[in-house]
1. Going through segment 83-132 one residue at a time, which ones are in a loop (DSSP other than H, G, I, E, B) and surrounded by fewer than 14 Cβ atoms within 10 Å (Cβ to Cβ)?
2. Do we find a residue being surrounded by fewer than 17 Cβ atoms within 10 Å (Cβ to Cβ), at pLDDT below 80 and either out of contact with any strand residue (DSSP E or B) (no Cβ under 8 Å at 6 or more places or on another chain) or not in a loop (DSSP other than H, G, I, E, B) (or both) anywhere in segment 238-248?
3. List, please: which pairs have Cβ atoms under 7 Å, are six or more places apart or on different chains, and start with a residue in segment 61-80 that is on the phi > 0 side of the Ramachandran plot and in contact (Cβ under 8 Å) with a residue 12 or more places away in the chain and end with one that is buried (at least 17 other Cβ atoms within 10 Å of the Cβ) and not in a loop (DSSP other than H, G, I, E, B)?
4. Let me confirm something: among 148, 139, which residue is crowded, with 17+ Cβ neighbours inside 10 Å, at pLDDT 80 or above, touching a strand residue (DSSP E or B) at 6+ places or on another chain (Cβ under 6 Å) and under 30 Å from residue 65 (Cα atoms)?
5. What is the number of the single condition among (1) buried (at least 20 other Cβ atoms within 10 Å of the Cβ); (2) touching a helix residue (DSSP H, G or I) at 6+ places or on another chain (Cβ under 6 Å); (3) at pLDDT 70 or above that residue 161 does not meet?
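The values are calculated or read from the model by the stated rules, or taken from the named source; none is laboratory data. Predicted, not measured: the structure shown is a model, and the values here were computed from it. Methodologically, a virtual Cβ is constructed for each residue, glycine included, from the backbone with ideal geometry; neighbour enumeration extends over all protein chains shown.
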């Protein structure tokens, strides 16, 4: 009896997560629908704030019944934002410094970059994408539903990469964009897990990497970039991996035992 009860609880949570993710994935359509219904033409700022804040509120509201159904603590705990954000911010700053220094040496500042560009290209993508993809979609599958890391990340990374697939009209470029963003999604999920379910690490890393990309006139608007861009992006990735591996060795909390099936962390 307990087996079937647990099975249906997990199944209902999985369905809720998939449906909620599908709704947030198509949030732009609902913004346009809202504008049509209320007859109000949003400004760029109004549309941005309405869309992104609605996503955050929606994820919180959906996580509430999941916390009741399957447990795991408060909504903040389930979403990995119950930690002090400052350590995650400083780790991200250290990691992204090579991108800022390298891009400053190679490129001039972008004349098009402004406050709206910061919020639309860096702040909100870092916040909402990590909240939705990492802590909500991946996190609930991995921590609450006890699915292994690899099965969980394959689903999320594929969807995350697909969202960026349309950044280019060239098929080969689209494929590489898909692969880069999917691998980036896997990296952020790994950081989320290895830093003790601390979402602030991937949030700030995502924000600052996007900020470095948008602050300078790099000549590209896609995730693909050129050799100069990717060299310093790779250095940033190597830096954050190095910091994370040092932490893993110190705590002896290894993900390897949770790759295909879930096992509790030591911390």
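1. Residues satisfying the conditions are 84, 108, 111, 112, 114.
2. no
3. Cβ pairs passing all conditions: 72/78; 72/143; 72/144; 80/135; 80/139; 80/192.
4. Answer to the selection: 148.
5. (3)
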